[in-house]
Each structure stands twice: as structure tokens, then as C-alpha cells.
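Report on one structure; see the data block that follows.
The values are calculated or read from the model by the stated rules, or taken from the named source; none is laboratory data. What you are looking at is a predicted structure, and each value in this text was computed from that prediction instead of being measured. Glycine also receives a Cβ, built like all others from the backbone with ideal geometry; neighbour counts cover every protein chain displayed.
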2 protein chains.
Amino acid sequence: MVTIKDIAEKLGIAVSTVSKGLNGAEDISEETRQLVLDTAVEMGYSLKKIKRTKTAKVCVFVDSGNMEFETIEQFGYDIVNGFKKAAISRNWEVVIEPSRLNFRSLEKYDSYMLKNSYAGAFLLGFTLHDDWITQLEKTTVPTVLLDNFIPHNEHVGYVGTDSAEGIAQAVKHLAKLGHSRIAFLNGAKNSMVSEQREAAFRQSMAENDLPVDERLVAYGYYVPDCAKTYVSGFVKNGATAVMCASDLIASGVVNELGRLGYRVPEDVSVIGFDDLPVAEELDPPLTTVRQDRTNLGKSAALMLDGLIRGVSMSKLLLRAKLVVRYSTGPVKAKGDKIQRS
Amino acid sequence: MVTIKDIAEKLGIAVSTVSKGLNGAEDISEETRQLVLDTAVEMGYSLKKIKRTKTAKVCVFVDSGNMEFETIEQFGYDIVNGFKKAAISRNWEVVIEPSRLNFRSLEKYDSYMLKNSYAGAFLLGFTLHDDWITQLEKTTVPTVLLDNFIPHNEHVGYVGTDSAEGIAQAVKHLAKLGHSRIAFLNGAKNSMVSEQREAAFRQSMAENDLPVDERLVAYGYYVPDCAKTYVSGFVKNGATAVMCASDLIASGVVNELGRLGYRVPEDVSVIGFDDLPVAEELDPPLTTVRQDRTNLGKSAALMLDGLIRGVSMSKLLLRAKLVVRYSTGPVKAKGDKIQRS
């Protein structure tokens, strides 16, 4: 068991200085504090500290560049709230920390956790190239990631929605409506979920004996505006339906189709992903794949609880569910317009 | 909401008869009782009944043909115990029901659950061709399966160990010891886990730039005896290591190698899977992939709890961990024996 004395010996400084560094005292330099924290983590001091904590203080880190959670329309809102609800019953103190990539490139993950006495954390909105994602490969701090998987580290778990099942339901729904020219507008490229959804789209198309036209598959971003870049090309190349990786993307697609003079769903069907409040409010109300965000947050707490107790959970997936509204309809037969006129 | 009266009307029988059928009274025929139960389930009566239950009675069904759990050496023992432990804190009544395939081909799953007032069940040892596995595609009874996945049903969840990570660690360990001729002796063919482990083996070999020789890959059964059929062929075809899908298979492989005059690990390395008590007792003690069986059982209870509360968890995987003991060693250089003599 590593003691404060061990850390002091290793660094060749006084025990009292180590103690100050670990306890956030003001009368030592920031540089020394950081050195003490980093050394303590390297020597395995963090775990001991965590075990001593009685009422756990846990943190929800949100990448504020990628994930919004302040109001009910936003993706992270119900997730954070679900986490908080589950935390109450566990008597946890929950601190919400929105942070930016540049902050995380300066702070080491484990040191930051130790400094703040966090027994564990739930991380939302992190992209694959984040410094902290790399550091998580070696962390000993119980950590749950939304939509990101770290291999081989028993202290880190992944919670998410089974995208594959969701996309499979959506593509099957479109296939039943007669669509064969289905486009897929994905979210950002440096995201595990985007990769999963593309793979799921390709597999679902194959399961329905539908070919994938590469001109109808694109990576955008998880914002409505990305639709402008791709929609006219999709339609020009014969798409009669667009599967989107999020409701926000889908709302952009519906708008862009309107701007180009196409009706939804009479000319082109559109499906979203998430079932955010905006899905119901769209005109027409959006057919989408529901992620149960409150339960995602609760499940994250449940998994974090397990990790803190030494149950090395690796993956926890919730079911996705297709919600059929009015943005999808039967494919228009070729020459429909001509026959009608 | 379906009432007893609705069921009576549908069947054209008295309300009192339906009540008797649902409550297990003795003075109606078995045939009528079954008809009442099946109709109640079809009409969606089961869910209502489950919601009314205050202290839940849940069931652990064990396929007694495939899964042993009575004593601590056996695979199911810690799993069932872990489940029971987690059930206590939830105030559940747990009934353990070992059953046979022929029993399950006579009873319908949902009707059986309703008849016994089970709020949910945990199923162990079921094979893919089991009647109940097919029926689970449509069940509304909260159900957790060990090592089996039912797609698209929000009432059914799957708990298991991440076989892929376990096999990846094992193959990497062998590759680092210089082995390239690695055999894989799998368990029974009609099992999802066997399929996962074979896929994981092939992927891990590829990740280590090792070719798979099809003569070194075989499906056996999850018992030691299956080793007799394959081991001599593996060695004849140049295998210097055997990865096994269970510790019991590995114990058979170690014995068979001894019978044929090969030393473990000097001539052939052997790796098991599970880390049953037998692994440590083998001569030499077995290098194996540990499944944390107590926590598998606890996680099953945790998932069942979620499903009963309407949290549609789909998959919960625990990490696997390679435990290195003495049945693996460096590959013997070609001509070692000759140089030594």
C-alpha cells in the first residue's frame, strides 16, 4: 500500500508538502502540487484514497463543444438528469463539469480526479482523439463513457444504445414501404457511434437485399446545417429516403428538401435518430429511432456503482426503438407525377 | 387493461373458471387451466399481474443437461449464488428450477411464468435450438439470459463475459511466447458463446499476424472427454499451443497430451477459459481466461431489476481477464530435442 511517506521519499520532499499537495492547500506552488498529484497517481495512491471515501463524490464531465445538456430540448439533458436521479438513491454527491478539449489537454485525467477527490466519473461527448480518451486506457479511476469503448481496462465501462438494432428497424421499415434507394447521412467521423451506425446501415441494407450506392452515404456533423451539403446530391442520385444519424441532422434534411421543392414523405421519406423533443414538433412529425436517454443516464450510474465496487462491467447497451410518425411513407412509383397530371 | 372478465368472454367460460385457472385451483381440468393461462398471456394479462406483485418472486431456470451448479467446482455455482445475493438486497423471493429440454417442449414459457407468478426469470445453459429460446422472441416477461441474445425484444436482456477480449489476451500471450501454430478447441456448436469464441479466435490470430490452419480448429463439447478426439491430430499437424473454450476442455487436453507423451508446457502450451476451481488444481496449474461468475450472477439480477422496471437493457458484458499460471511457456525451437541429445 502506497503511503504519503512513500510519495515524499520518491520526490525527496517533506511529508507535509505531499499532504498539502494532495489536500489542495494554498501555500505550495501549483507546480509542486501537480508533481505530487501525478506521482501519487503513478504510484497507485488514487485507489486507496477512493476506497477511504464514504460518501462518494462523482463527476459528470461533459465536452461542451460536442454535447449540450442545459435545456430539455438538448441531447444531454435527460441523460445527465437520469444520472443524477440514480445518484441520489446511492447517496452520491454529483458535480457537473462542462469542459473543453483545450482544458483537458493541460490536465491529466487521473491527477484531476485525485485532486478533486472524485470516486468516479461519467464522461459525455468525448471524441476519439481526445487526450483523456487515450489516458483512459491506463486509468485506475472508475469511469463510465457514453458511446465510447476503451478496450482492456477493467476500470472503464461503456454505456450506450444498441445502434445496430435501431438502424435495422429503421431500414426494415423503409424497405417494407418499398424504398430501395436509401441514403445515409451520418454524424461526425471521429466518433465511435458514427462508425457503429454506418456499419449497422450497411448490414441492414444487406439484410434487406438492398445495394448501397456510395454516392448516397456521407459523413456530416451532428448539426442540422450539414444537410445543405448533401441532400441535393442524394436526391439527384435517386434517393427516395434518407436515414439520418440524429434528429438534428434529420431536421436539417427536412428543411433542405422543402427548400428544394420536395415534399416529405410524398417525395422523400426521412428518419431521424434519438427522438429528441424536436422530433415530434417537426413538420411533418419525425419518424425516428428512440434512445431512452433518462435510462441511459441511470444505467451509467448503475455501471459506475459497479465499477467503484470492483465489478468490471465492460459494456451496457439499451435497446433502441423505432417510433413511426409522419416523415416516412410508401415509395413513389416511377412516373407517379406523370400519371397524375 | 385486460380483465378476468375479458378472458372469460373470449373463451366463453365463467369468470370463476378463469379465476381458478389463473390461481392454480385444483377443481378444474389441466386442459382448461392451460387454455386460460395461454389466453391470458395472448391478451396481455401477464404484465398487469406482474405489476401488481409487491415482493417479486423470480426464477432461475437452469438447463440441467448443459449447466451444473450444485457444488462449488461447477460453472453455474457462483453465478446462481451471485444472483441470489443480489436478489436478497432487492427483497426478491428466488426459486431455482433445474429443468430439461423435454419439459420445456411441453410447457409454454409465458404461461409457465404466469402460472407460477414469476415476475421475471434468469435462464442459464439454454442452447439455441431450445423451444423457449424461440418463444422468448415474443415474451413480455422480463427475462435475462446468460450467454444468449434475443434480438428486438425489449423485455429480454443478455448478460455474459466479453469473450472477445478474453481470447484476444490469451492469443496475444501465446504469440509473445513465440507460438504461431495455435490450435483452438471449442465447445458445442449450437451455442452463441462458442460462435463468439471462434470468431474472437480468428480475429485475434489475424491481429497477431498469425494464419489459422483449419486442421487446428475444432468444435467439441464443454466436457474434458472431447479432447481425446482432437489432440493427437492437433499435435500431428504442428500445434505448439491449444486454446480451449473452457477449463474442463483444457483439463482433458492436458490429460490427453500426457497420455501421448507430451509435456505441458515444455512441448505444448494449453490455455483454458472460465477459471473454475479446477484450473488451479491441475498439474500444471492452468493459464486461463477468468470469468467473474459471482458478478455475472449479480449483474443478471441488476439487469432483471431494470427490465422489471421497464429499463430495456439489451446487453451487459463483464470484462474477461487472463490469469497466467504454469500451463503456458515459450515455444520450443525446432530441433530442440536433437540439439539437447
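Go through segment B:114-152 and give me each residue that's out of contact with any Lys or Arg (no Cβ under 7 Å at 6 or more places or on another chain), part of a loop (DSSP other than H, G, I, E, B) and either assigned by TED's automatic domain parsing to the domain that holds residue B:202 or polar (S, T, N, Q) (or both).
Across segment B:114-152, the qualifying residues are B:116, B:127, B:139, B:140, B:148.
In segment A:309-321, which residue that is surrounded by fewer than 21 Cβ atoms within 10 Å (Cβ to Cβ) and in a strand (DSSP E or B) is farthest from the other protein chains (Cβ to nearest Cβ)?
A:321
Is it fair to say residue B:110 is modelled with pLDDT of 85 or more, of a type outside the set (A, V, I, L, M) and part of a helix (DSSP H, G or I)?
Numbers: modelled with pLDDT of 85 or more: yes; of a type outside the set (A, V, I, L, M): yes; part of a helix (DSSP H, G or I): yes.
The answer is yes for residue B:110.
Of these, B:101, B:114, which one is out of contact with any helix residue (DSSP H, G or I) (no Cβ under 6 Å at 6 or more places or on another chain) and in contact (Cβ under 8 Å) with a residue 12 or more places away in the chain? So that I can check it myself, show each step before the final result.
Working: B:114 fails: out of contact with any helix residue (DSSP H, G or I) (no Cβ under 6 Å at 6 or more places or on another chain).
Going through B:101, B:114 in turn, just one is out of contact with any helix residue (DSSP H, G or I) (no Cβ under 6 Å at 6 or more places or on another chain) and in contact (Cβ under 8 Å) with a residue 12 or more places away in the chain: B:101.
Quick one: in segment A:172-189, which of the residues that are more than 17 Å from residue A:257 (Cβ to Cβ) and crowded, with 18+ Cβ neighbours inside 10 Å is nearest to the other protein chains (Cβ to nearest Cβ)? Break it down into steps so the answer makes sense when it comes.
From segment A:172-189, those more than 17 Å from residue A:257 (Cβ to Cβ) are A:172-173, A:175-176, A:178, A:180, A:186-189; that's our starting set.
Still in the running and crowded, with 18+ Cβ neighbours inside 10 Å: A:173, A:175, A:186-187.
Numbers: A:173: 13, A:175: 15, A:186: 22, A:187: 21 Å.
In this case the residue turns out to be A:173.
Would it be correct to say that residue A:25 is out of contact with any Pro (no Cβ under 6 Å at 6 or more places or on another chain), at pLDDT 85 or above and among the hydrophobic types (A, V, I, L, M, F, W, C)? Let's see the steps before the verdict.
Details: out of contact with any Pro (no Cβ under 6 Å at 6 or more places or on another chain): yes; at pLDDT 85 or above: no; among the hydrophobic types (A, V, I, L, M, F, W, C): yes.
Taking the combined requirement at face value, the residue does not satisfy it.
With B:302, B:318, B:282, B:322 as the choices, which residue is under 19 Å from residue B:123 (Cβ atoms) and out of contact with any Asp or Glu (no Cβ under 6 Å at 6 or more places or on another chain)?
Working: B:318 fails: out of contact with any Asp or Glu (no Cβ under 6 Å at 6 or more places or on another chain); B:282 fails: under 19 Å from residue B:123 (Cβ atoms); B:322 fails: under 19 Å from residue B:123 (Cβ atoms).
Testing whether each residue is under 19 Å from residue B:123 (Cβ atoms) and out of contact with any Asp or Glu (no Cβ under 6 Å at 6 or more places or on another chain) leaves just B:302.
Please enumerate the residues belonging to segment B:125-171 that are over 19 Å from residue B:309 (Cβ atoms), in contact with a helix residue (DSSP H, G or I) (Cβ under 6 Å, 6 or more places away or on another chain) and away from chain A (no Cβ under 14 Å).
Selection gives B:126, B:131, B:132, B:135, B:147, B:148.
Across segment B:112-133, which residue is nearest to residue B:35 (Cα to Cα) among those that are aliphatic (A, V, I, L, M) and either surrounded by fewer than 23 Cβ atoms within 10 Å (Cβ to Cβ) or more than 11 Å from the chain's Cα centre (by Cα) (or both)? Steps first, please.
Of all residues in segment B:112-133, those aliphatic (A, V, I, L, M) come to B:113-114, B:119, B:121, B:123-124, B:128, B:133.
Of the ones still in play, those that are also either surrounded by fewer than 23 Cβ atoms within 10 Å (Cβ to Cβ) or more than 11 Å from the chain's Cα centre (by Cα) (or both) are B:113-114, B:119, B:121, B:128, B:133.
Values: B:113: 14, B:114: 12, B:119: 21, B:121: 22, B:128: 27, B:133: 22 Å.
Only one residue fits best here, namely B:114.
More than 9 Å from every other protein chain (Cβ to nearest Cβ) and crowded, with 18+ Cβ neighbours inside 10 Å, is that true of residue B:275? So that I can check it myself, show each step before the final result.
Working: more than 9 Å from every other protein chain (Cβ to nearest Cβ): yes; crowded, with 18+ Cβ neighbours inside 10 Å: yes.
Answer is yes for this residue.
Could you grab me the full set of residues in segment A:289-298 that are more than 11 Å from every other protein chain (Cβ to nearest Cβ) and either in contact with a Pro (Cβ under 7 Å, 6 or more places away or on another chain) or assigned to a strand (DSSP E or B) (or both)?
Of everything in segment A:289-298, just one residue is more than 11 Å from every other protein chain (Cβ to nearest Cβ) and either in contact with a Pro (Cβ under 7 Å, 6 or more places away or on another chain) or assigned to a strand (DSSP E or B) (or both), namely A:289.
Tell me which of these residue A:90 doesn't satisfy, since it passes every other one: (1) of a type in the set (Lys, Arg); (2) touching a helix residue (DSSP H, G or I) at 6+ places or on another chain (Cβ under 8 Å); (3) away from chain B (no Cβ under 14 Å).
Answer for residue A:90: the failing condition is (3).
Matching residues to (1) within 14 Å of chain A (Cβ to nearest Cβ); (2) within 30 Å of residue B:58 (Cα to Cα); (3) surrounded by fewer than 24 Cβ atoms within 10 Å (Cβ to Cβ):
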position: B:224; (1), (2), (3): no, no, yes
position: B:238; (1), (2), (3): no, no, yes
position: B:255; (1), (2), (3): no, no, yes
position: B:270; (1), (2), (3): no, no, no
position: B:287; (1), (2), (3): no, no, no
position: B:307; (1), (2), (3): yes, yes, yes
